[in-house]
Amino acid sequence: MSRGPELIITEKDNAARRIADILSGESATAERQNDVNVYKWGGKRCIGLSGHVVGVDFPAEYNDWRDVEPVELIDAPVTKEPTQEGIVAALRKLARNASRVVIATDYDREGELIGKEAYELVREVNEDAPIDRVRFSSITDNEVQEAFANPDELDFDLAAAGEARQVIDLTWGAALTRFLSLSARQLGDDFISVGRVQGPTLKLIVDREREIKAFDPEAYWELYGNLTKSGGDPFEARYFYLNDEGNEAERVWDGDVAEILTEALNAAEEAVVDDVRRRTRTDEPPTPFNTTAFIRAAGSLGYSAQRAMSLAEDLYTAGYVTYPRTDNTVYPEDLDPRELIEELSAASTFGSDAKGLLDADREIEPTEGDKETTDHPPIHPTGELPSASDLSEDEWEVYELIVRRFLATCAEPATWERLRVVALANGEASAIAERADGLAALRDPDEAAGPGDLAADGGLRLKANGKRLLEAGYHDVYPYRSSDERIVPDVEVGETLALDDRRTEAKETQPPRRYGQSRLIEEMEKRGVGTKATRHRTLEKLYDRNYIESDPPRPTRLAEAVVEAAEEFADHVVSEEMTAQLERDMQAIAAGEKDYDEVTAASRELLDRVFEDLTESREAVGDHLQKSLKADKTLGPCPECGADLLVRKSRQGSYFVGCDGYPDCEYTLPLPSTGKPLLLDETCEDHDLRHVKMLAGRKTFVHGCPQCKADAADEQEDEVIGVCPECGEGAASPRDGGGETADAGGELAIKRLRSGSRLVGCTRYPDCDYSLPLPRRGELEITDETCEEHDLPHLRVHSGDEPWELGCPICNYREFTARQEGSELQSVDGIGEKTAEKLQDAGVDGVTDLKDADPDELAADVDGVGPDTVRDWQANAD
DNA sequence: GCAAGGTC
């Protein structure tokens, strides 16, 4: 029996460190082994994995897509190989002489599987050491001590449930993905994928798009007026009637009726209050953040799901917030909210709001959501306070959101007072309404829900709903939810109010809206599709695969074709039922009612049947996919040969427009060099080509019709504004290594390129490629002012409301690069805006310069910075 | 190169 150390294995480094701290009383020390932290104290070692360190795949002989029929993958063997070599090697080394092993991975199904993977790796090198499993629902002193005092065994059934999922996902995903890709001859980077999670997610988006396309708008009218109590402010009131079912309705569906009602409303100058109703409503504080709720809240601050998660992960790694991937919406018992609020109250920004919660003399009882899980707590601040300069602007905004959400969950409800006033306008209206009533009945005798009761005896009904915040409650600490009031004054029944600003608005019913990213993630969660850690990544994947574009995402033709093909032949893979079925099977395996073999065999049989139909229709499916792929790239007719103009990618990776008739027709048009082209539905009237938008993150812009852009550039003469500093008269030196000499007579001119971009460049291009960038938009004015240093005119740009001064194009470019270098420096941990400026003053232009600098020399040049700080930056810059 | 699930 080996007397070596005891080995504890966790799911991630962070958990390893905290568990080591707890069990060692903070005496553990960290050591690096194969780039992995190993925590060490007494006779113990603790190592953190990185989730799964082995992955399932097919044996190498199945790798060639062309050689292997996709159908063969269904019954192909599935192997498990290390994917994280360094961690696996470190684990083996530690396990070899361990006297005992404790698996302390997350307390959920995937954690059990990761634990089993570790178990198998340990057993490969150590057959004897006992292997225990500990489970705890949060990493705190009590829970961890308790769990380690009462070790359990690994649950192999639960792990087998996870393995069944892995194999089913792999066989369905790989076989169908290869089939679709091969049938459409898409074998490069642009293969056509499907899977258990991306399938139903894509169908959700495509189905909504179908609803939108099928939508038939209907016209209706709404009537409004402003009411005023004498001496008060006007408030808006809206006309309503009672429909056939006796319910209040605001939309008038008949134009003639709307006209008669408008006439009646316009004839009225006052309205008499008929009814006043007042009630108070409590507005409960929000529940704790799980991943989905967090993504949604960050979404309303303008962050994409992917960006929000990436920021939260940074904050987690830095120790400021808890683990961001969680389904849990109930704080664990060991969280003492009062203590955490006290810690937060030391912060400058939200500290006083936190204090406010403590001052109120009451028990603090945080809200609870519906879901309670055992792996991680809801996302909340740790109490470790960053200073604003430790974080980027975005990180800070997200951090503050998480802090304020926590504070809000500990705050009191808000109370609102609702006031509803109904007033009657134009006592004559009932007679008029009778006319309208008859008219509507005449027009639409079959309509089940007719116009009903258009006016009361006293006149047309107008209603106003006011709300006033009586107790702000949680709104004081959580400004992300609207606490706007709508003021309706106190009025009494019988009181006469002035009526003016009467108006009738013609409207149309709107198609359902596209799902936004956070809404999609909510829908996925609701349907049980994907997990807290993968839902946002699935959306990212759909973008990558050219299935969706823009935000809110809309499906491409390819996506529609993939969903159509799947619906016809493999409905299971685009239906949420596949996940539901799998979930039931996994539960049965975990409960010992079914086994792994039984479940995976049944799934393979189902996939076999799918392939029977699919193989017969291979050509038709491929054809349809190819047509859709082409439609996504088609702009319109080629002006030279009439074939389709398509977006193409050059060998260098840049996009351009080329003719489908190539090589017979060589017609091309350039596209801007920044971003990825997106074809809009809007077409150019002159050239019948779809407009192009260039997607480039924040720099996204609409390029428009590429033919128009090219024509405009051809028509525009270059405008000379000075002498080329590189090859013009009096230029200082020959060009570097070019062999050409200066003073070749080059001049600088404002040019417009066929790709739509604008620049100041040398007239000797391409012999001299000196150039300076100019903004894409706005009219350029050449002013009388001259730059003394460069002898060039100052430029002014007219775009938007206010013209702005670009100044000398050389000076402008110099400032621009300085800013770029500054922001590059700021990307290094520990360097803020001010420090970046100081470094630039000391001649450090960007991160490369910083890394090359001698720490002592640089420290001497920069105030208040020592050589060690410089070394820290250099380390951080790697 | 395929999936989905961990983690960074």
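Which of the helices (runs of 4 or more DSSP H) contained wholly in the range A:261-370 include at least 2 residues that are modelled with pLDDT under 95 and closer than 14 Å to A:Phe406 by Cα?
Once the helices (runs of 4 or more DSSP H) in the range A:261-370 are filtered for at least 2 residues that are modelled with pLDDT under 95 and closer than 14 Å to A:Phe406 by Cα, what remains is A:337-344, A:351-359.
What is the one condition in (1) in the same structural domain as A:Thr382 (by TED's automatic domain parsing); (2) touching a residue at least 40 places away in the same chain (Cβ under 8 Å) that A:Glu313 does not satisfy?
Just one mismatch for A:Glu313, condition (2).
Residue under question is A:Thr538, and the condition is that it be in contact (Cβ under 8 Å) with a residue 40 or more places away in the chain and assigned to a helix (DSSP H, G or I); does it hold?
Yes; evaluated as a whole, the condition is true for this residue.
Identify all residues within the range A:454-479 that are in a loop (DSSP other than H, G, I, E, B) and touching a Ser or Thr at 6+ places or on another chain (Cβ under 7 Å); write none if there are none.
Answer for the range A:454-479, where residues must be in a loop (DSSP other than H, G, I, E, B) and touching a Ser or Thr at 6+ places or on another chain (Cβ under 7 Å): A:Ala455, A:Asp457, A:Ala472.
Just checking, which of A:Arg604, A:Arg584, A:Arg618, A:Arg651 is farther than 28 Å from A:Glu560 by Cβ and touching a residue at least 24 places away in the same chain (Cβ under 8 Å)?
Going through A:Arg604, A:Arg584, A:Arg618, A:Arg651 in turn, just one is farther than 28 Å from A:Glu560 by Cβ and touching a residue at least 24 places away in the same chain (Cβ under 8 Å): A:Arg604.
Identify, from the list A:Asp189, A:Asp169, the residue that is of a type in the set (Asp, Glu), near DNA strand B (Cβ under 8 Å from one of its atoms) and either touching a Ser or Thr at 6+ places or on another chain (Cβ under 9 Å) or at pLDDT below 95 (or both).
Every option except A:Asp189 fails the conditions.
Inspect all residues belonging to the range A:138-148 and state whether any of them is within 14 Å of DNA strand B (Cβ to nearest atom), in contact with a Phe, Trp or Tyr (Cβ under 6 Å, 6 or more places away or on another chain) and not aliphatic (A, V, I, L, M).
No, that holds for no residue.
Given the conditions (1) within 16 Å of DNA strand B (Cβ to nearest atom); (2) in the same structural domain as A:Trp172 (by TED's automatic domain parsing), and given that A:Ala601 satisfies all but one, which numbered condition is not satisfied?
Only one criterion is unmet by A:Ala601, namely (1).
I'd like to check something: does the range A:111-132 contain any residue that is touching a Pro at 6+ places or on another chain (Cβ under 9 Å) and of a type in the set (D, E, K, R)?
yes
What's the number of the only condition in (1) out of contact with any helix residue (DSSP H, G or I) (no Cβ under 6 Å at 6 or more places or on another chain); (2) over 20 Å from A:Leu301 (Cβ atoms); (3) of a type outside the set (Ser, Thr, Tyr); (4) open to solvent by 40 Å² or more (accessible area, probe 1.4 Å) that A:Arg527 fails to meet?
The single condition A:Arg527 does not satisfy is (1).
Determine whether the range A:524-545 contains at least one residue that is more than 12 Å from DNA strand B (Cβ to nearest atom) and outside the structural domain of A:Asp169 (by TED's automatic domain parsing).
The answer is yes, given that some residue of the range A:524-545 is more than 12 Å from DNA strand B (Cβ to nearest atom) and outside the structural domain of A:Asp169 (by TED's automatic domain parsing).
Which of the residues that make up the range A:620-633 are under 19 Å from A:Pro677 (Cα atoms) and buried (at least 18 other Cβ atoms within 10 Å of the Cβ)?
A:Ser628, A:Leu629, A:Asp632, A:Lys633 - these are the residues of the range A:620-633 that are under 19 Å from A:Pro677 (Cα atoms) and buried (at least 18 other Cβ atoms within 10 Å of the Cβ).
For the range A:577-595, does any single residue satisfy the condition of being under 30 Å from A:Gln306 (Cβ atoms) and outside any helix (DSSP H, G or I)?
Taking every residue of the range A:577-595 in turn, none turns out to be under 30 Å from A:Gln306 (Cβ atoms) and outside any helix (DSSP H, G or I).
Do you know which residues across the range A:192-206 are more than 7 Å from DNA strand B (Cβ to nearest atom) and part of a helix (DSSP H, G or I)?
A:Pro200, A:Thr201, A:Leu202, A:Lys203, A:Leu204, A:Ile205, A:Val206
In the range A:31-106, which strands (runs of 3 or more DSSP E) lie fully inside it and hold 1 or more residues that are of a type in the set (Ser, Thr, Tyr)?
By residue number, A:36-41, A:79-82.
Considering only residues of the range A:1-29 that are within 21 Å of A:Asn126 (Cβ to Cβ) and assigned to a strand (DSSP E or B), which is most open to solvent (accessible area, probe 1.4 Å)?
Checking each candidate, the answer is A:Glu6.
Here is a yes/no grid of residues against (1) farther than 28 Å from A:Leu539 by Cβ; (2) open to solvent by less than 30 Å² (accessible area, probe 1.4 Å); (3) in the same structural domain as A:Ala15 (by TED's automatic domain parsing):
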| residue | (1), (2), (3) |
| --- | --- |
| A:Val273 | yes, yes, no |
| A:Leu301 | no, no, no |
| A:Val321 | no, yes, no |
| A:Val330 | no, yes, no |
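Matching residues to (1) buried (at least 21 other Cβ atoms within 10 Å of the Cβ); (2) out of contact with any helix residue (DSSP H, G or I) (no Cβ under 7 Å at 6 or more places or on another chain):
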{"residue": "A:Lys355", "(1), (2)": "no, yes"}
{"residue": "A:Glu368", "(1), (2)": "no, yes"}
{"residue": "A:Glu384", "(1), (2)": "no, yes"}
{"residue": "A:Ser387", "(1), (2)": "no, yes"}
{"residue": "A:Glu395", "(1), (2)": "no, no"}
{"residue": "A:Glu400", "(1), (2)": "no, yes"}
{"residue": "A:Thr409", "(1), (2)": "yes, yes"}
{"residue": "A:Leu424", "(1), (2)": "yes, yes"}
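Within the range A:176-186, work out how many residues are more than 7 Å from DNA strand B (Cβ to nearest atom) and assigned to a helix (DSSP H, G or I).
Residues meeting the conditions: 5.
What are the pairs with Cβ atoms under 9 angstrom where one residue, in the range A:127-143, is open to solvent by 60 Å² or more (accessible area, probe 1.4 Å) and the other, located anywhere, is β-branched (Val, Ile, Thr) and not in a loop (DSSP other than H, G, I, E, B)? Sequence gap at least six, or different chains.
Correct list of pairs: A:Asp141/A:Ile22.
Among residues belonging to the range A:30-87 that are of a type in the set (A, V, I, L, M, F, W, C) and more than 10 Å from DNA strand B (Cβ to nearest atom), point out the one that is surrounded by the most Cβ atoms within 10 Å (Cβ to Cβ).
Step by step, filter the range A:30-87, then rank; the result is A:Cys46.
Given the condition open to solvent by 20 Å² or more (accessible area, probe 1.4 Å), modelled with pLDDT under 65 and under 35 Å from the mean Cα position of the chain (by Cα), answer yes or no: does some residue in the range A:849-861 qualify?
Within the range A:849-861, none of the residues are open to solvent by 20 Å² or more (accessible area, probe 1.4 Å), modelled with pLDDT under 65 and under 35 Å from the mean Cα position of the chain (by Cα).
The values are calculated or read from the model by the stated rules, or taken from the named source; none is laboratory data. Please read all numbers here as calculations on a predicted model, not as lab measurements. Backbone-built Cβ (ideal geometry, glycine too); neighbour counts: all protein chains shown. Note: areas computed on protein heavy atoms with side chains; ligands, DNA, RNA excluded. Shrake-Rupley method; radii C 1.70, N 1.55, O 1.52, S 1.80 Å.
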